[in-house]
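The values are calculated or read from the model by the stated rules, or taken from the named source; none is laboratory data. Fair warning: this is a prediction, and the values are worked out from it, not measured in the lab. Cβ atoms come from the backbone with ideal geometry, glycine included; neighbour counts cover every protein chain shown. Calculation scope for accessible area: heavy atoms of the full protein, side chains included, ligands and nucleic acids excluded. Shrake-Rupley method; radii C 1.70, N 1.55, O 1.52, S 1.80 Å.
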Amino acid sequence: MIEQLKAALAGRGIELVPAADSREALRIVLERIPKGASVMNGGSATLEDIGLLEALGRGGYQWLRPAIAATHEREERTRRRRQATTADWLVGGVNAITMAGEIVNVDGSGNRLAGYAFGAGKVILVAGVNKVVPDLAAALDRIRNTAAVQECRKLEKSTPCAVTGRCDNDACRGPDRQCGKILIIENEKIAGRITLVLIGEALGF
């Protein structure tokens, strides 16, 4: 499966780097990011699981997220979030990966997706093997009925999926909704810009 997916992603301009476990994944990520670089991370249970946030917090990088989290004035926080989409490096999670090499993510506001699509200089995506699905239909089902459900419950939102465990897209409106934008990465034109680190464990949601 790894070799098939690696070939599919390579054809789309994306490098796949396998990692046996969380410890190896963390080492791979940190080895690729130069000391002193500006780094932003997307919200991701997988990044928390592998210990990346703690590693960034130990210093050596211009880690942008803490300053954003500490900003409570709405306009200034939005300005900082916009700036962070153009960080030298953006590290984030993945909601689904198809065997054809399509990478699918859903976001509430879309700032993470803006960095993935173009804003950030280089992007490292980190995912457990549980994110791999057969095709795009399965990927869209996964983001709505697995990832969104768990995210909304974690954030204690009162969306239909949080209540019932299934997406009701037509009934889901308002500020609690977490599925604001969906990005499908089908190809990357800039050589070496996107790397997917695929971990041989089930991680995140």
Inset, instruction - Filter the range 88-116 down to the residues that are hydrophobic (A, V, I, L, M, F, W, C) and more than 17 Å from Cys179 (Cβ to Cβ), then identify the one that is surrounded by the fewest Cβ atoms within 10 Å (Cβ to Cβ). - result: Met99
Legend entry - Residue under evaluation Arg177, criteria (1) open to solvent by less than 20 Å² (accessible area, probe 1.4 Å); (2) in contact with a Cys (Cβ under 9 Å, 6 or more places away or on another chain); (3) not small (Gly, Ala, Ser), criterion not met: (1)
Inset, instruction - Give me a count of the residues in the range 7-50 that are over 25 Å from Glu186 (Cα atoms) and open to solvent by 50 Å² or more (accessible area, probe 1.4 Å). - result: 10
Inset, instruction - Could you tell me whether the range 114-133 includes any residue that is touching a Leu at 6+ places or on another chain (Cβ under 6 Å) and assigned to a loop (DSSP other than H, G, I, E, B)? - result: yes
Legend entry - Qualifying positions in the range 146-159 - open to solvent by less than 30 Å² (accessible area, probe 1.4 Å), of a type outside the set (Ser, Thr, Tyr) and more than 27 Å from Gly119 (Cα to Cα): Val149
